[in-house]
Amino acid sequence: MSERLSYIKRESVIGLPVIDGKTNRKLGIVKDFYTNKGNTHVEGLFVARDGWGNNDLDISFSGVTIGTDAIIAEGGIQQGAKSADEASSLDKLLKKRAIREDGQELGIISDILIDPITGRIEGLELSVSVLDDLLTGRRIIPNMPYEQGSGDVIVVSLDQAAKIESYNRGIKNIFLSKI
C-alpha cells in the first residue's frame, strides 16, 4: 500500500457538496457510496437534495471527479433510481468487528479507503481503542475479499491479516522517529 496517499477515506467525502459540471449548480451533498455486490468497487453515490419528499439522486461513480472540497458530476445522474435499501452501502461495513479466521480480534472497522479514480475499495481502517489509535495509529486491512460473519463480524483470512499495516503513525511512532 505504498501509494496510499492517493486513496480517500469514505468519511472525508460524506457531506461534500456535489456540483453539476454542466450547469455549475449544486445538486446536493454526498450521503454515501453504494457498491457492487462483493463490496469491492464503488458503483455510485447517493446525493441528498434539499426539499420535501425523496429527492435523492444516484450518480454513477464513472461520472464524477472527487476533489478535496467538492465533487463534480459530469453524467450518470438519476433521480432515486437506487434506494439505500436495495444498494449495498459502505456504511453497513462500519463498526463491525474484524476477526481473523482463527478467532483473534483485530479491531473495529472505523473507515474505508477508496481509490478516487477507479472506485476500487483498497482497504478497511481498523481501530483497536482510542488510546491505541493515539499511541500507535490505526491499521489497514488491505484489499478485500472478506467473509461476512454473523451480524456485526467480518472474518479476515490469515494471509490478509499478515498484510495489515499501520496507516497513520500515532504519537509513539512520531516521537520515536524524532530521536
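In this structure, does residue 39 turn out to be of a type in the set (S, T, N, Q) and either at pLDDT 90 or above or at positive phi (or both)? Before the answer, list the steps.
On the way: of a type in the set (S, T, N, Q): yes; either at pLDDT 90 or above or at positive phi (or both): yes.
For residue 39, the condition - of a type in the set (S, T, N, Q) and either at pLDDT 90 or above or at positive phi (or both) - is met.
Give the residue, chosen from 22, 31, that is surrounded by 19 or more Cβ atoms within 10 Å (Cβ to Cβ) and basic (Lys, Arg).
Values: 22 fails: surrounded by 19 or more Cβ atoms within 10 Å (Cβ to Cβ).
Unique residue meeting the criteria: 31.
Counting only residues that are among the hydroxyl-bearing types (Ser, Thr, Tyr), in contact (Cβ under 8 Å) with a residue 12 or more places away in the chain and part of a loop (DSSP other than H, G, I, E, B), how many does region 20-61 have? I'd like the intermediate steps shown before the answer.
At the first step, the residues of region 20-61 found to be among the hydroxyl-bearing types (Ser, Thr, Tyr) are 23, 34-35, 40, 60.
In the following step, the residues that additionally are in contact (Cβ under 8 Å) with a residue 12 or more places away in the chain were identified as 34-35, 40, 60.
Still in the running and part of a loop (DSSP other than H, G, I, E, B): 40.
Qualifying residue count for the region: 1.
Given the structure, is residue 69 part of a loop (DSSP other than H, G, I, E, B) and either surrounded by 19 or more Cβ atoms within 10 Å (Cβ to Cβ) or in contact (Cβ under 8 Å) with a residue 40 or more places away in the chain (or both)?
So residue 69 passes the test.
The values are calculated or read from the model by the stated rules, or taken from the named source; none is laboratory data. This is a predicted model, so every value here is computed, not measured. Neighbour counts run over all protein chains shown; Cβ positions are idealised from the backbone, glycine included.
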